[in-house]
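Just so it is clear, none of the values below were taken in a lab; they were calculated from the coordinates. None of the values given here were measured: they were computed from a predicted structure. No Cβ is skipped: glycine too gets one built from the backbone with ideal geometry, and neighbour counts run over all protein chains shown.
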Amino acid sequence: MADYRDLWSNLGMDLEKHDLLCEALPQLYGGVYLIQENRPEGMNYYNFVVSEVHGLRIKELDDHKKAGGKVVGTFCVFVPDELIIAAGAIGVGLCGGSQFWIEDGEKVLPRNLCPLVKAIVGAKISGTCPYFQSCDLLTGETTCDGKKKAYEVLGEYAPIYVMDLPQMKRDKDYKKWEEEIYEYKAVLEELTGNKITEEKLSEAIKLCNRKRAALQRLYNARKVLNVPISGKDVLLVSQIAFYDNPERFIEMTNKLCDELEDRIKKGIGVASEKSPRIMITGTPMAIPNWKMHHLIEESGAVVVCEETCTGTRYFENEVDETQTTMEGMIKALADRYMNINCACFTPNKGREEDVVRLAKEYGADGVVYCNLQFCHTYNIEYRQVEKALKEAGIPVVFIETDYSNDDTGQLQTRIEAFLEMLK
Amino acid sequence: MEGESFYILFPNVTEGLKLEKLLKKEAIKYTIVPTPRELSKSCGICIMYEFRDESLIKRIVEEHGIRTEGFKSLTKRKAAVKFI
């Protein structure tokens, strides 16, 4: 097998500790993904990406860096990929979806903090994530208090730039975000030595829109009665979208969609038509966090939509491609990104509308509201979302969890009871 | 996963992808999977196949001069998923 140890060593990784992660992944992936029956053949590409998650893609980043290119790490769907690409850099979404990193995160952060934030910091300080190690710059954003303050800690270990995301949606907030995008543009130009021209930005906008369109096409395939792909497979595709080569990702995802559309024509599905259809809403599920999807689908239901940052919030709404001036394009970017309905905004009525609209669009029988422990904004917002769903006659259950195995038995029981109620 | 599974290991990704292309062309069922730790300590891809296709795949490998690190099998007991 390919040996990436030299590459990892050059990135300053803790090889011994990293080996524990390498050891655990095949088993987990086998138990969650490879046990599925009747998977689309197109999933082989994503099997390949996961198998090479710390190998081939890291080698590609390394080659890019050797040719003088830069790598920029991001943590949130608000940081515009378009600018990173237009500056000739490669953007990677840094995941933080593993329990493996919690212990190290807790060395420098309080324990009563969201697992995603602890894992992000743990991944960096343990030297076990080659993506973190490949980054020339990290880009944070002020979405939640946990992350905002954790970036100060991360800053002790790696160069970080933080974008100031407004928390309301007034005209002046849109303008403020536009200014932030301008400033980030200058930061990236200085980092890469490349000027972000109108031509380059326009190309990057089109590229990112094509990626969004491919993901939307994938989601559309789940709206049919006989769902041609499992929820956990779609979650994996979405997670991979954050760090894969965009052109290759678009090509392979469209190929998968061709296969799914063919399956729909032939009536091939992955679940029984009687399987309850579940929509998930709530906090992000970073790779390799497959816990909720696995528990839900192992209980006989099928997940048909995710209103999360690793779901519709990532790809819904395209950036206006008709703008030709820098001012026009930056404004178009600000408008698109400010339209994401994250719980960090107040008020956030848009999310209630999204959840109800999506549940109807995807024919969900019920909604599972997943909240990562200690995520206050999404936790508090449950009240309004629950009310909106109840008014629409859609059942919902609230589940708070982390990345550990401690609560899986208990969660399974709650999920089974919820599914039973939907019958 | 229960029972015996069959895998082809490769010295690098390129060789694995070369064989994948040929298997696809010949319509032979296969799955790309992370290499089980029991078979190799290095992580990366390997190809899981069905035993009934083994001689056919071996012929393809030979005809096209694809370098492998062997055809292996593994018997796994079903274990509860442990999230990491």
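Quick look at the values:
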| item | result |
| --- | --- |
| Where residue A:108 falls short, out of the listed (1) within 16 Å of the chain's Cα centre (by Cα); (2) surrounded by fewer than 24 Cβ atoms within 10 Å (Cβ to Cβ) | (1) |
| Scope the range B:18-30; condition more than 8 Å from chain A (Cβ to nearest Cβ) and either crowded, with 17+ Cβ neighbours inside 10 Å or not small (Gly, Ala, Ser) (or both); matching residues | B:18, B:19, B:21, B:22, B:23, B:24, B:25, B:26, B:28, B:29 |
| Selection status of residue A:165, within 22 Å of residue A:309 (Cα to Cα) and in a strand (DSSP E or B) | no |
| Any chance residue A:200 is over 26 Å from residue A:359 (Cβ atoms) and assigned to a loop (DSSP other than H, G, I, E, B) | no |
| Selection within the range B:1-30 - closer than 24 Å to residue A:21 by Cα, in a strand (DSSP E or B) and touching an Asp or Glu at 6+ places or on another chain (Cβ under 8 Å) | B:6 |
| Tabulated pairs, the range B:14-26, first of a type in the set (S, T, N, Q), second part of a helix (DSSP H, G or I), C-beta under 7 angstrom, 6+ apart or interchain | none |
| Residue A:371 being surrounded by 18 or more Cβ atoms within 10 Å (Cβ to Cβ), touching a helix residue (DSSP H, G or I) at 6+ places or on another chain (Cβ under 6 Å) and not basic (Lys, Arg) | yes |
| Total residues in the range A:211-248, condition crowded, with 18+ Cβ neighbours inside 10 Å and part of a helix (DSSP H, G or I) | 20 |
| Listing of helices (runs of 4 or more DSSP H) fully contained in the range A:114-162 that carry 3 or more residues being closer than 16 Å to residue A:10 by Cα and over 16 Å from the mean Cα position of the chain (by Cα) | A:130-134 |
| Condition check for residue B:33: facing chain A (nearest Cβ under 8 Å), assigned to a strand (DSSP E or B) and not charged (D, E, K, R) | yes |
| Pairs where the first residue, in the range B:60-81, is more than 11 Å from every other protein chain (Cβ to nearest Cβ) and the second is β-branched (Val, Ile, Thr), C-beta under 7 Å, 6+ apart | B:61/B:68; B:71/B:8 |
| Among (1) touching a Leu at 6+ places or on another chain (Cβ under 9 Å); (2) under 18 Å from residue A:180 (Cα atoms), the one test that residue A:328 misses | (1) |
| Qualifying residues in the range A:69-81 (those that are touching a Lys or Arg at 6+ places or on another chain (Cβ under 9 Å) and assigned to a loop (DSSP other than H, G, I, E, B)) - the one farthest from the other protein chains (Cβ to nearest Cβ) | A:80 |
| Top-ranked residue of the range B:1-17 - restricted to ones that are among the aliphatic types (A, V, I, L, M) and within 24 Å of residue A:56 (Cα to Cα), ranked as farthest from the other protein chains (Cβ to nearest Cβ) | B:8 |
| Close pairs from the range A:281-294: first more than 10 Å from chain B (Cβ to nearest Cβ), partner of a type in the set (Asp, Glu), Cβ under 7 Å, at least 6 apart | A:281/A:307 |
| Wholly enclosed helices (runs of 4 or more DSSP H) of the range A:1-68 bearing at least 3 residues within 7 Å of chain B (Cβ to nearest Cβ) | A:15-29, A:43-51 |
| Where a residue in the range B:40-57 is within 14 Å of chain A (Cβ to nearest Cβ) and its partner, wherever it lies, is part of a helix (DSSP H, G or I) and loosely packed, with under 14 Cβ neighbours inside 10 Å, with Cβ under 6 Å and at least six apart | none |
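Yes/no matrix, rows are residues, columns are (1) closer than 26 Å to residue A:141 by Cβ; (2) within 14 Å of chain B (Cβ to nearest Cβ); (3) over 24 Å from the mean Cα position of the chain (by Cα); (4) surrounded by 20 or more Cβ atoms within 10 Å (Cβ to Cβ):
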| position | (1), (2), (3), (4) |
| --- | --- |
| A:337 | yes, no, no, yes |
| A:349 | yes, no, no, no |
| A:352 | yes, no, no, yes |
| A:362 | no, no, no, yes |
| A:367 | no, no, no, yes |
| A:404 | no, yes, no, no |
| A:407 | no, yes, no, no |
